[in-house]
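Engineer: Here it is, the structure, as structure tokens.
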Amino acid sequence: MTTLLFLHFLLAANSQPLHVSMVEIPLPGAQGVVSLDYLAAERASGRVWIPAGNTGSVDVLDVGSRKVTRIEGFTTRARETRAGTRVLGPSAVALGDGVAFIGNRATAEICSVDARKMAKMACVELAVPGDGVAYVPAIKEVWVTTPRDESVTVVDASDPSHLKPSARIALLGKPEGYAVDSARGLFFTNLEDKDKSLVIDVKTRKVKQTWAARCGSDGPRGLAYDQTRQLLFVACTDRVEVLDVGRDGAVLAQMETGAGVDNIAYLEAEQNLYVAAGKAARLTIVHVGERGKLAALGTAVTVEGARVVVVTRDGTAVVADPVHGRVLMFLPQH
């Protein structure tokens, strides 16, 4: 069952009211808290992929019909974490051409899933569990941030039915977040414990540039990217920053968005950035203007712990609500 709530955005000064609706969508198999971290929007089809950790499944939400399809069969295990003993499972997803690549923290596996048949194909175990998972289409590789051993692990995905680890890129800190510039062959990640952002050449697998993230002791988290304008959006825990990739990472702008920010999303067609703040219980939509100038379009109330957001092609924002085992859909104004 879904719940539909109508609400207004709390708007920045001098802006016009923006009417939106919020839909609450429970995840199948959820009984209380569900571990939700990295989601992915399949923009061509209007679907959102949701690795649902401790349920042992990956849920696929059709935004148009609001139907959730459950892909089961992923291993879960109890692990000791900084937050105590938790049941871990599928936690991250990257989308390729007709294939989804799922990272599982319980098993340190990367698994391929046929996105049309909604069926698992193959899995490969990494040396250590991964965090974020990104697909690099130009070279048909999956890049996995592996903070436990301060590296990025590269997986050959040229044949999705036979995944093979092919390289380890050693870093000088713990990687967190990712973005890809497919046209220029660049992979971006942060070093959370060093307060830095990195640019890696995907062909040479070498770190090309290192920039100060300026996020402070809590470090940077998620990343998003405007490929046309070469703007890198860095999520600090209470704000977002805009870095000019073409000008050696120069900071163009920043904006406070409330505490508890993690993974952010960007809709390049509209030049809008979406930021969910888990401690502030707020979703902020920001327009990115010329030279990276930021202007708040509005904010909406979410719930505590909702710190991850993705956005579909039509501007529907989907926010993870792990505490209540669901996602929240914020429908765009038409």
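Engineer: Where in the stretch 156-216 are there strands (runs of 3 or more DSSP E), lying wholly inside it, with at least 1 residues that are in contact (Cβ under 8 Å) with a residue 60 or more places away in the chain?
Structural biologist: Details: elements: 164-170, 175-181, 186-191, 196-201, 206-212.
Because the criterion is at least 1 residues that are in contact (Cβ under 8 Å) with a residue 60 or more places away in the chain, the strands (runs of 3 or more DSSP E) in the stretch 156-216 that meet it are 175-181.
Engineer: Identify all residues within the stretch 48-77 that are in a strand (DSSP E or B), without any contact (Cβ under 8 Å) to a residue 60 or more places away in the chain and buried (at least 16 other Cβ atoms within 10 Å of the Cβ); write none if there are none. First the steps, then the outcome.
Structural biologist: Kept after step one, since they are in a strand (DSSP E or B), are these residues of the stretch 48-77: 48-51, 58-62, 67-71, 77.
Restricting the remaining residues to those that are without any contact (Cβ under 8 Å) to a residue 60 or more places away in the chain gives 49, 51, 58-60, 62, 67-71, 77.
The answer is W49, P51, V58, D59, V60, V68, R70, I71.
Engineer: Okay, moving on. So D195 passes all but one of these: (1) under 24 Å from D262 (Cα atoms); (2) surrounded by fewer than 15 Cβ atoms within 10 Å (Cβ to Cβ). Which condition number does it fail?
Structural biologist: (2)
Engineer: Kindly indicate whether A277 is within 17 Å of the chain's Cα centre (by Cα), crowded, with 24+ Cβ neighbours inside 10 Å, without any contact (Cβ under 8 Å) to a residue 40 or more places away in the chain and over 26 Å from G246 (Cα atoms).
Structural biologist: Numbers: within 17 Å of the chain's Cα centre (by Cα): yes; crowded, with 24+ Cβ neighbours inside 10 Å: yes; without any contact (Cβ under 8 Å) to a residue 40 or more places away in the chain: yes; over 26 Å from G246 (Cα atoms): yes.
When the stated conditions are applied, A277 passes them.
Engineer: Residue by residue through the stretch 308-334, note down the ones that are under 19 Å from A235 (Cβ atoms) and in contact with a helix residue (DSSP H, G or I) (Cβ under 9 Å, 6 or more places away or on another chain).
Structural biologist: Hits for the stretch 308-334 are V308, P322.
Engineer: Quick one: in the stretch 174-194, which of the residues that are touching a strand residue (DSSP E or B) at 6+ places or on another chain (Cβ under 7 Å) and of a type in the set (D, E, K, R) is nearest to D238 (Cα to Cα)?
Structural biologist: E192
Engineer: Which condition does V301 not pass, out of (1) β-branched (V, I, T); (2) surrounded by fewer than 21 Cβ atoms within 10 Å (Cβ to Cβ); (3) touching an Asp or Glu at 6+ places or on another chain (Cβ under 8 Å), if it passes all the others?
Structural biologist: (3)
Engineer: Out of the strands (runs of 3 or more DSSP E) lying entirely within the stretch 292-334, which hold 3 or more residues that are of a type in the set (A, V, I, L, M, F, W, C), touching a strand residue (DSSP E or B) at 6+ places or on another chain (Cβ under 6 Å) and farther than 15 Å from L267 by Cα? Reasoning before the result, please.
Structural biologist: Working: elements: 294-301, 309-311, 317-321, 326-331.
It comes to 326-331.
Engineer: Could you give every pair whose Cβ atoms fall below 7 Å, whose first residue belongs to the stretch 122-144 and is under 12 Å from L186 (Cα atoms), and whose second residue is part of a loop (DSSP other than H, G, I, E, B) and of a type in the set (S, T, Y), counting only separations of at least 6 or pairs across chains?
Structural biologist: As it stands, the answer is P137/S182; A138/S182, since those pairs meet every condition given.
Engineer: Go through (1) under 24 Å from I264 (Cβ atoms); (2) surrounded by fewer than 17 Cβ atoms within 10 Å (Cβ to Cβ) and name the single condition D114 misses.
Structural biologist: (1)
Engineer: Which of the residues belonging to the stretch 250-262 are more than 21 Å from the chain's Cα centre (by Cα) and either under 16 Å from G222 (Cα atoms) or β-branched (V, I, T) (or both)? Lay out the reasoning, then the answer.
Structural biologist: Of the stretch 250-262, the ones more than 21 Å from the chain's Cα centre (by Cα) are 250-253.
V251 - this is the single residue of the stretch 250-262 that is more than 21 Å from the chain's Cα centre (by Cα) and either under 16 Å from G222 (Cα atoms) or β-branched (V, I, T) (or both).
Engineer: Select from the stretch 215-249 the residues that are farther than 23 Å from W143 by Cα, crowded, with 16+ Cβ neighbours inside 10 Å and of a type in the set (K, R) and list them in ascending order.
Structural biologist: The answer is R229, R239.
Engineer: So E304 ticks every box in (1) among the charged types (D, E, K, R); (2) more than 19 Å from the chain's Cα centre (by Cα); (3) over 27 Å from R184 (Cα atoms) but one. Which box is left unticked?
Structural biologist: Going through (1) among the charged types (D, E, K, R); (2) more than 19 Å from the chain's Cα centre (by Cα); (3) over 27 Å from R184 (Cα atoms) one by one, E304 breaks only (2).
Engineer: Also: Of the numbered conditions (1) in contact (Cβ under 8 Å) with a residue 24 or more places away in the chain; (2) assigned to a strand (DSSP E or B), E80 fails exactly one; give the number of that condition.
Structural biologist: Checking E80 against (1) in contact (Cβ under 8 Å) with a residue 24 or more places away in the chain; (2) assigned to a strand (DSSP E or B), the one that fails is (1).
Engineer: On the basis of being crowded, with 21+ Cβ neighbours inside 10 Å and either more than 16 Å from the chain's Cα centre (by Cα) or of a type outside the set (G, A, S) (or both), does V142 make the cut?
Structural biologist: Numbers: crowded, with 21+ Cβ neighbours inside 10 Å: yes; either more than 16 Å from the chain's Cα centre (by Cα) or of a type outside the set (G, A, S) (or both): yes.
In short, yes.
Engineer: Which condition breaks for Y135 when tested against (1) out of contact with any Gly (no Cβ under 6 Å at 6 or more places or on another chain); (2) not in a loop (DSSP other than H, G, I, E, B)?
Structural biologist: So Y135 meets the others, but not (1).
Engineer: Of all residues in the stretch 154-202, which are among the β-branched types (V, I, T) and farther than 17 Å from D226 by Cα? Break it down stepwise before answering.
Structural biologist: At the first step, the residues of the stretch 154-202 found to be among the β-branched types (V, I, T) are 154-155, 169, 180, 189, 199-200, 202.
Within the stretch 154-202, V154, V155, I169, V202 qualify.
Each reported figure results from applying straightforward, stated rules to the coordinates on display, with no laboratory input. Nothing here was measured: the structure is a model prediction, and the numbers come from that model. Using ideal geometry, Cβ is built from the backbone for each residue, glycine included, and neighbour counts are taken over all protein chains shown.
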